[in-house]
1. Does the stretch 357-375 contain any residue that is in contact with an Asp or Glu (Cβ under 8 Å, 6 or more places away or on another chain) and either within 21 Å of GLN18 (Cβ to Cβ) or among the basic types (Lys, Arg) (or both)?
2. Step by step: first the residues of the stretch 7-19, then only those that are more than 12 Å from the ligand (Cβ to nearest atom) and crowded, with 24+ Cβ neighbours inside 10 Å, then the one that is nearest to MET70 (Cα to Cα). Which residue is that?
3. Suppose we filter ASP236, ASP297 for residues that are at pLDDT below 95 and surrounded by fewer than 20 Cβ atoms within 10 Å (Cβ to Cβ); which single one remains?
4. If GLY357 satisfies all but one of (1) within 16 Å of the ligand (Cβ to nearest atom); (2) surrounded by fewer than 18 Cβ atoms within 10 Å (Cβ to Cβ); (3) part of a helix (DSSP H, G or I), what's the number of the condition it fails?
5. Looking at the stretch 165-189, I want the residues that are within 25 Å of PHE310 (Cβ to Cβ) and have a partner that is among the polar types (S, T, N, Q) and modelled with pLDDT under 95 with Cβ atoms under 9 Å, at least 6 apart or on another chain. Which pairs are those?
6. Report, by residue number, each residue of the stretch 217-235 that is within 14 Å of the ligand (Cβ to nearest atom) and within 30 Å of ILE93 (Cβ to Cβ).
7. If GLY436 meets every condition in (1) buried (at least 21 other Cβ atoms within 10 Å of the Cβ); (2) small (Gly, Ala, Ser); (3) over 28 Å from PRO314 (Cβ atoms); (4) modelled with pLDDT of 95 or more apart from one, which number is that one?
Amino acid sequence: MSSVSSADLYLGFDCGTQSFSATVIEADDEQRRVVFSHALNFDRELPDYQTAAGVWRDTDPREVSSSPLMWAEALDRLLAIVAAAPEVDVTRIRAISGSAQQHGSVYLRSAWPDTLARLTPSDALAPQLTAVFSRAASPIWMDESTTAQCRAIEAALGGADAVRRLTGSRAYERFTGPQIRRFFETKPEAYAQTSRIHLVSSYLASLLTGSDAPIDTGDGSGMTLVNLAHGRWSADALSATAPDLAARLPTLVPSSTAVGPLSTYWQQRYGFPPATVIAWTGDNPSSLIGTGTVCDDRLAVSLGTSDTIFAHTPDAGSDATHTFGAPMGGYMALVCFRNGSLARERVRDRHGLDWFGFAQALERTPPGNDGAMLLPWFEPEITPHVAVPRVHLTGLDDRDSARHVRAVVEGQMMAMANHSQAICRGRRHIIATGGGSANRAILQVMADVFDADVFTLPVTNTACLGAALRALHFDRSTSSRPLSWPDAVAGFTDSSHAASPIPANVVVYRRARERYAAFEMQALSAAG
Ligand code: XUL
């Protein structure tokens, strides 16, 4: 079906852990709609890179990485798909932005800027980039190998609390600064050959503009390198991390910054116009926009590869685990759980179910699971920190599939609610997003555990939608018809009520949450 409209189009990307997506939206004064969306799954559609769930795992289970070359190839393929889509008249695309999994880093040699500037449009992107990496594998957010570097950085900066006040989070294993420090310590020659270190987001923005793109303050605040209150690289944090780091980092800019026009490589390769590329950001900051969480009274829960809970907050001093810059200004408070969809899938697969059977199992079992519980640490966990994975069970018989299903979902929701009290305070309106939010039975557990109303959106990849909305907002801000953020997201993020808390269940979970916290404490202290 080809479109007859002449409204402006905006293109958003999201490079997630397991897939790379594109969304095109149409917006003018009359209409607002998603015109096109497509996702490329890394394992299935780029099998040459041999990823499993989008990642490479080392023999050391703490090390998790992925391929920057694969991300480039996926970007090239997606642009080809968008250009060929009958629904999209690419000449109407005015602005483009994107988001990517947070914290992952890309290490580039001095040939990087020249290579970018001289790409041959008739040739595919990835083969032209093979020589630019000083590190073929990019460490990603699932990497847990930098505990020693976290402690060293915290010691150099006056302790964990001082790091939190300065950067918005204490040093975490997955954060980019500790990752850079470990690279410098373990591979000093490769570090010496690195002249630029990008985040996944700024690396991909660079590939679009054919020039070295900046890092935005939203994604930058996941690096342990940014003075959050000032929105600048912190000289102290940089020197606590690795030598001559300032020269290796791109500039740091507010999220709503134009990076440049789409390069001639893409214009000639697929017929795109010189649309403005807006700085890319992290998937969570982008989801803040794509869920319409632009007012302070709501919170969002994203059920994706990682489960995250986040909200907009006007000041940097939130007492949540992480405070990042928010793309619309101000800040966002966030807590991240590594055992998200992969843990739900493990239970589903171990008990031979599909998602329908999983939902039925939840519906067949009582809230509170008659006291049966599970700590869902199938993989090392970020919140609370669990270095060696182990699933702890109480009151569960291995053959009882339905109770296992309920236990994993209740465990995830109770952990989330217990560890995000600073974010939940005063907020009883949850926007649920991510693949897991399609499951109504999970949303009922969420409503009951949080004692909050849960809403869903027509689009589940809210990071990708957020990127397209950021492109729209920027474009209009430079015109005579600027849009406020609530007006920019309106029509795309209108939510539907999905679940209300059931008072009797709320009482059950109030008690269960206390038991869960005690169970968690006991498991953590037994692990030492
Ligand atoms: C957030 C985090 C994850 C990744 C996943 O701090 O580590 O949510 O952004 O893509």
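1. no
2. So the residue we want is PHE13.
3. ASP297
4. Of the numbered conditions (1) within 16 Å of the ligand (Cβ to nearest atom); (2) surrounded by fewer than 18 Cβ atoms within 10 Å (Cβ to Cβ); (3) part of a helix (DSSP H, G or I), the odd one out for GLY357 is (1).
5. GLY168/SER318; SER169/THR321; ARG170/THR321; TYR172/THR321
6. GLY218, ASP219, GLY220, SER221, GLY222 - these are the residues of the stretch 217-235 that are within 14 Å of the ligand (Cβ to nearest atom) and within 30 Å of ILE93 (Cβ to Cβ).
7. Only one criterion is unmet by GLY436, namely (4).
Here's the yes/no breakdown for (1) among the hydrophobic types (A, V, I, L, M, F, W, C); (2) in a helix (DSSP H, G or I):
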| position | (1), (2) |
| --- | --- |
| LEU483 | yes, no |
| PRO486 | no, yes |
| PRO501 | no, no |
| VAL506 | yes, yes |
| ARG510 | no, yes |
| ALA517 | yes, yes |
| GLU520 | no, yes |
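The values are calculated or read from the model by the stated rules, or taken from the named source; none is laboratory data. Everything numeric in this text was worked out from a predicted model, so none of it was measured. All Cβ positions, glycine included, derive from the backbone under ideal geometry; neighbour counts span all protein chains shown.
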